[in-house]
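Participant: Quick one: the structure is below, questions incoming.
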Amino acid sequence: AGFYLWPRIPDALGMSDTEFARALYADKHVTVLPGSYLARDAHGHNPGAQRVRLALVAETAECVEAAQRIADFIQTHAK
């Protein structure tokens, strides 16, 4: 079984979900999946856009560390 979170990317970052995922990996070595990769356009809108999927599959301590890295990334890159 898997447990996933689908947080929205803060507007203050000025990044797409793909840009966020790439920059997060490059800066903090945390892998997330852009939400737009998992959905398709419907009525001119992609419901996964501007979200990322976080898979909570590692041990609790690793998930907490990843969450801290994500928070640091957002604080550093917010405009």
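The values are calculated or read from the model by the stated rules, or taken from the named source; none is laboratory data. Quantities reported herein were computed from a predicted structural model and do not represent experimental measurements. Here the Cβ is made from the backbone with ideal geometry for all residues, glycine too, and neighbour counts use every protein chain on show. Heavy atoms of the whole protein, side chains included, go into the accessibility calculation; ligands, DNA and RNA do not. Shrake-Rupley method; radii C 1.70, N 1.55, O 1.52, S 1.80 Å.
Participant: With each pseudo-label sitting 7 Å past Cα toward Cβ, what's the Ile74-Glu59 distance in nm, one decimal?
Facilitator: With each label point 7 Å from Cα toward Cβ, the separation is 2.6 nm.
Participant: With a point put 7 Å past each Cα toward its Cβ, work out how far Arg8 is from Tyr25 in nm, to one decimal.
Facilitator: Simple spin-label model gives 2.6 nm for this pair.
Participant: Evaluate the Kirkwood expression for the hydrodynamic radius of the chain, namely the inverse of the mean inverse distance over all pairs of different C-alpha atoms, and round to one decimal in Å. Write down the numbers at each step before the final one.
Facilitator: Details: mean 1/r = 0.0769 Å⁻¹.
Answer for the chain: a Kirkwood hydrodynamic radius of 13.0 Å.
Participant: Next question, about the same structure. Counting only protein heavy atoms, what percent of the accessible surface of the chain is carbon or sulfur at a 1.4 Å probe?
Facilitator: On the way: 2910 of 5430 Å².
Solvent-exposed carbon and sulfur of the chain make up 54 percent of the total.
Participant: If you roll a 1.4 Å probe over the heavy atoms of the protein chains, what accessible area per residue do you get for the chain, in Å²?
Facilitator: On the way: 5430 Å² over 79 residues.
Here the residues of the chain average 69 Å² of exposed surface.
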